[in-house]
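The next block holds one structure in the form of structure tokens; read it before the comments.
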Amino acid sequence: MNFNSFIFILIFSLFSSFKIFESHIPSHFPEPYIPESNQLTIERIKLGKKLFFDPILSRDSTISCSTCHNPNYAFSDRKIKAIGKNGTILERNTPTLTNVAYNKYFMLDGVNPTLENQALVPFHEKNEFDLHILIASDRISNNADYVKLSNLAYGTNPNPKVITSAIASYQRTLISGKSKYDQYLNKEIELNETEMKGKNLFYNELHCASCHNGFNFTNYSLTNNGLYKFYPDSGRIRLTGKNSDRAIFKVPTLRNIDVTHPYMHDGSINTLEEVILHYMSGGNKHENKHEIIQPFQLNNEEIYSLVSFLKTLTDSTFLQNH
Amino acid sequence: MIRNLILLFFFLNSTVCLSQVDLNLILNHKFNGDPFLYSQNYQDENGNAINISRLQYYISSIEITHDSGINTPLSSVYVLANGNVTNYFLGQYSIYNIEKLEFDLGVDYDANHGNSSNYSSQHPLGPQSPLMDWGWPAGYFFLVIDGTIDDNGDGVPNKAFQLRSLGDIMLQDVNYLTNSYESINNIINLSLDVNIDRWLSGIDLINAGIDHSSSSTNLNMCNNTVTNQVFEANDLSSLDIQQNLIDITTDYNVSYSPTINYKLNNNIDFTLSIYNSSGQIVLQSQNIGFEGNYFIRKELKSGVYFVFFNGGKYTYKHKFIIN
């Protein structure tokens, strides 16, 4: 080992040392799963954040992860379907990254097993980054800042694993748990009468919480909600080949739902009121529709109350601080 | 006593070392019994002209029965086979006489749900170009057959199809290969014929289109591996025939940075040089062997380029265009 290497390792050990990043997990949240092979450190998060917002990762350097996952919209984009390279309309609505660290599987049909794997997806999609991961790796290897950050974060020069791991690390810090409803749970504030009525409908009178339950308002299951009789997007069956997976999609979190419109896997429903109307109708007939989705009645006041409750799930701190 | 034991140890150790042989897998790709070339057209089972522009597949979970029933699994070996590449080194093993060969077409569940970024680009499961892993489901294509087919009877294959099988259900257990291969000069060449046309039997290629999924079409293609016995054990005679054929093509799956598929007729190391139309060298790579798939890991500008393969007194030239 030469002197320079020794000094580098010494400095690396003193000031980086793979410090365990202590994310600010709300007290009523469980600890998210962090893979042993990619523990959080400040350096990894910093590198991941830089990559997340940097268009250098797209072929023509025009789009980044944040183009579709915009922090102001809880890391979604308010578009019916995502817009990719050269204005190309992609096939699905952009999902929020709110509390994505807790997800058990990724992509709207849940076919991707880890955040690290998911981070690879846009690179090779022709209408997204369209940049081979090896060439992306070469690109950032020519950038001194990235080389330095990569070595601090992972002890090596940039490579595909560094890129996907760092982006996943940053995404795991996107924790949202300071909404009005969270403050109510922590007995810091009260919900108003309308919001309380909506809460009662959500938890006690309707079946919303059968799927949208727990601290993150999702049971992480895969199901069909009767959006269509015939789906242009075949969903999970494309990977599994099983009829029971036809038109099957993930149950999403409802946190920050007011800012992540339009809704559904294809962005086909514009407002929360219309979403409620869809469920009131009992949805369309489909062989895989969840049995709990049955017609029900609500008056306008009740719809307003339910929407008011859903709006308490907006975490403005989360929207502003990233 | 101790001295004798030490001598015995060294004797046994050297014996074990000497018994290691190079194990090679030889895949003779054929179409309708003829040696397969990307640059050549064939006929499908319905008499339509067909051209295959990409043939790639994984072989894994290799198990070898040898020397009177000894079973040796090659569990860490993954082979990414390419239509233009015949020779694959599997490693060194203590094997003399092979009796049976088993393997899977595709990769096992754990590998299929792993992350290609965790491997180097030299590893078969690492990032490849053209891609063999598809990020969306985080899975590998087990078998890829891309090409064009004549759909109007003019004899010109111009309708594109892409059959890229995806999903754990595509895995095929190839366990019917029994043949005797003996070690000669510490080398065993496990030679197999790979009958590409049999993979496509019963597939409606004219209407297949672009199919990257677990569809019934892709499943039928993978199932043909066993039902139609795509792989056949053979002797080494057909290998000599294939080595007299030259095949150089360009794969544009990554349009700005294509892959050059090459199979040259000399078993010597070549140097690859890429020049632009002004005669300036843009890339050079040495010791690329005589067959392989060279990923031009560089963002090329639009224009005409020339690839030169130089090896000893042999030179081959190939042109490609970036639009």
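The values are calculated or read from the model by the stated rules, or taken from the named source; none is laboratory data. Small disclaimer: the values here were computed from a predicted structure and weren't measured. A quick note on method: Cβ atoms are made from the backbone with ideal geometry, for glycine too, and the neighbour counts reach across all protein chains shown. Areas reflect the complete protein model, heavy atoms only, side chains present, ligands, DNA and RNA absent. Shrake-Rupley method; radii C 1.70, N 1.55, O 1.52, S 1.80 Å.
Within region A:168-183, which residues are outside any loop (DSSP other than H, G, I, E, B) and open to solvent by less than 50 Å² (accessible area, probe 1.4 Å)?
Of all residues in region A:168-183, those outside any loop (DSSP other than H, G, I, E, B) come to A:168-171, A:180-183.
Result: A:ALA168, A:SER169, A:TYR170, A:GLN171, A:TYR181, A:ASP182.
Can you confirm whether region A:94-106 contains a residue that is within 8 Å of chain B (Cβ to nearest Cβ) and part of a loop (DSSP other than H, G, I, E, B)?
No, that holds for no residue.
In region A:1-49, how many residues are closer than 14 Å to A:LEU149 by Cβ, at pLDDT 50 or above and in a helix (DSSP H, G or I)?
Total satisfying the criteria: 8.
Any idea how many residues of region A:109-132 are surrounded by 22 or more Cβ atoms within 10 Å (Cβ to Cβ), among the acidic types (Asp, Glu) and farther than 24 Å from A:ALA247 by Cα?
1
Of the residues in region A:57-89, how many are within 14 Å of chain B (Cβ to nearest Cβ), open to solvent by 30 Å² or more (accessible area, probe 1.4 Å) and assigned to a loop (DSSP other than H, G, I, E, B)?
Adding up the residues that qualify gives 3.
Looking only at region A:138-155, count how many residues are within 14 Å of chain B (Cβ to nearest Cβ) and open to solvent by 10 Å² or more (accessible area, probe 1.4 Å).
Residues that pass the stated criteria total 5.
Going by the conditions given, is A:SER165 surrounded by 16 or more Cβ atoms within 10 Å (Cβ to Cβ) and within 14 Å of chain B (Cβ to nearest Cβ)?
Considered against the rule, which asks whether it is surrounded by 16 or more Cβ atoms within 10 Å (Cβ to Cβ) and within 14 Å of chain B (Cβ to nearest Cβ), A:SER165 comes out as yes.
Inside region B:50-132, counting only strands (runs of 3 or more DSSP E) that do not spill past its ends, which hold 3 or more residues that are open to solvent by 40 Å² or more (accessible area, probe 1.4 Å)?
Hits in region B:50-132: B:70-74, B:87-93, B:97-105.
Among the listed residues B:GLY279, B:GLY303, B:GLY311, identify the single one that is open to solvent by less than 30 Å² (accessible area, probe 1.4 Å), over 25 Å from B:VAL144 (Cβ atoms) and out of contact with any Phe, Trp or Tyr (no Cβ under 8 Å at 6 or more places or on another chain). Working first, answer last.
Details: B:GLY279 fails: open to solvent by less than 30 Å² (accessible area, probe 1.4 Å); B:GLY311 fails: out of contact with any Phe, Trp or Tyr (no Cβ under 8 Å at 6 or more places or on another chain).
Exactly one of B:GLY279, B:GLY303, B:GLY311 is open to solvent by less than 30 Å² (accessible area, probe 1.4 Å), over 25 Å from B:VAL144 (Cβ atoms) and out of contact with any Phe, Trp or Tyr (no Cβ under 8 Å at 6 or more places or on another chain), namely B:GLY303.
Considering every residue within region B:152-162, establish whether at least one is surrounded by 23 or more Cβ atoms within 10 Å (Cβ to Cβ) and within 11 Å of chain A (Cβ to nearest Cβ).
no
Please go through (1) more than 22 Å from B:PRO130 (Cβ to Cβ); (2) within 14 Å of another protein chain (Cβ to nearest Cβ); (3) surrounded by fewer than 24 Cβ atoms within 10 Å (Cβ to Cβ); (4) among the β-branched types (Val, Ile, Thr) for A:ILE135 and return the number of the only condition it doesn't satisfy.
For A:ILE135, the failing item is (1).
So, in region A:30-47, how many residues would count as being open to solvent by less than 40 Å² (accessible area, probe 1.4 Å) and within 14 Å of another protein chain (Cβ to nearest Cβ)?
Counting residues in region A:30-47 that are open to solvent by less than 40 Å² (accessible area, probe 1.4 Å) and within 14 Å of another protein chain (Cβ to nearest Cβ) gives 2.
Go through A:GLY235, A:GLY267 for me and flag whichever is open to solvent by less than 30 Å² (accessible area, probe 1.4 Å), under 16 Å from the mean Cα position of the chain (by Cα) and small (Gly, Ala, Ser).
A:GLY267
Among the residues of region A:219-227, is any at pLDDT 95 or above and within 14 Å of another protein chain (Cβ to nearest Cβ)?
Yes - at least one qualifying residue is present in region A:219-227.
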